[in-house]
Amino acid sequence: MRKLLILLALSLGLPLFAQVGVTFATETDYLYYRDANVPPFQKSREFFDMPNRPGLYEVTMVSDTVGPLTFRVVRVHGDIEKTMQQRRSYKVGSHEFQTRFNNPEGADDLIVEIANSNPATVAKVAVFVVELSNH
């Protein structure tokens, strides 16, 4: 349900939710929220300084841009980077990538990489990082 609200909010704009009385999570419900604009045939790397405590996080990226787009989640420990998951999407709009990021010792950071392989359009991607509860 949260994913649907995020996609709807991105496509219609948040002011519509206030008019129809739908409650939507504010930015304070997210650990991080960023908008990334990726030029044609370029990639963007977004660094997230994760809290210094153990935790489980959910990383979500959504875009209504014409693809192809490549999404990559990288664990950073000191100077060492390790790709955790990577996926390429060939959709015409409605791109969504979601994965979990487990930080059991609280010592790792996160890099999210978005590569735009479309030669004509800037890719606009919303990136959300949510800390999941321990339940």
| query | Using alpha-carbon positions, what is the distance between the centroids of the range 66-95 and the range 104-135, in Å? | reply | 8
| field | For peptides 116-124, 81-89, sequence by mean Cβ density within 10 Å, most packed first | value | 116-124, 81-89
| task | Quick one: which residues, 5+ away or cross-chain, put their amide H under 5 Å from the amide H of TYR57? H built at 1.01 Å from N. | result | PHE101, ASN102, ASN103, LEU132
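We did not get these values from a lab; they are worked out from the coordinates using the rules stated. Keep in mind that this is a model prediction, so the values were computed, not measured. With ideal geometry, Cβ positions are generated from the backbone for all residues, glycine too; neighbour counts draw on all protein chains shown.
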